[in-house]
Amino acid sequence: MPTRDVLLVTGDNDDDGLVAMVEFCLQALQHGRVVSAHMYHYEDREPLRYQPSSPALAHRLAHLARLLDKSEYDAQNEALDHIHEEQGMDIFVANYNLFTQEDDPATSFSLASWTRGVDTSLPKVDRLALVRPDAEDEIGEVRVVSWEQAAHLLEPLLAREAGYPVRYRTQGFPADALLAQLNEVTYVVGG
């Protein structure tokens, strides 16, 4: 459902129809408020989220979801910055950064930064940049890791905050030994 007044319908076996739906949603995003990047189908008279079997379509749909997430996080970021300023709270509201590949703008990933010594509110992203200013050891000053691995290993340091879209308040910063356990990911844009 790209907007409040538009519902797109096609068969789940109609690959051309599914691709057209995603492309229409990408266009609608530029001209109006998009409500959802999710597809649904009925199974036993119950609406369920549909996962496309085509890797190319799933790739485009994931990019659409990231674009929507960015828009929502940007609005939330502005509101939280204002609230924190009004309440005199020194909390860094991390940006939801979206990176795309030059030759394929639908190939994207999201990234946020978490810096040692900074009380931070993190968006849920694909990749997390863990920053240790002035570090000069083998771990390095910046270590970019997957959110999934970081959230699992660093769970005690991440407290889920109330509100939408989801954010996590940092409770300190990972020790160097814990950082060393996180696999670094490359900066190359993936799907």
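The values are calculated or read from the model by the stated rules, or taken from the named source; none is laboratory data. Only a predicted model underlies this, so the values are computations on that prediction, with no experimental measurement involved. Neighbour counts are summed over all protein chains in view; Cβ atoms, including those assigned to glycine, are modelled from backbone coordinates with ideal geometry.
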Any residue at all in region 144-164 that's in contact (Cβ under 8 Å) with a residue 60 or more places away in the chain and surrounded by fewer than 18 Cβ atoms within 10 Å (Cβ to Cβ)?
yes
Residues of region 145-171 being in a strand (DSSP E or B) and either modelled with pLDDT under 95 or of a type outside the set (Val, Ile, Thr) (or both), which ones?
146, 158, 159, 160, 167, 168, 169
So which strands (runs of 3 or more DSSP E) stay within region 42-137 end to end and still have 1 or more residues that are crowded, with 18+ Cβ neighbours inside 10 Å and out of contact with any Gly (no Cβ under 9 Å at 6 or more places or on another chain)?
97-101, 104-115, 120-123, 127-131
Checked region 127-178 for anything of a type in the set (Phe, Trp, Tyr) and either more than 24 Å from residue 71 (Cβ to Cβ) or more than 21 Å from the chain's Cα centre (by Cα) (or both); matches are 173
Got a sec? Which of 102, 85, 78 is under 17 Å from residue 64 (Cα atoms) and either among the charged types (D, E, K, R) or touching a Phe, Trp or Tyr at 6+ places or on another chain (Cβ under 6 Å) (or both)?
102
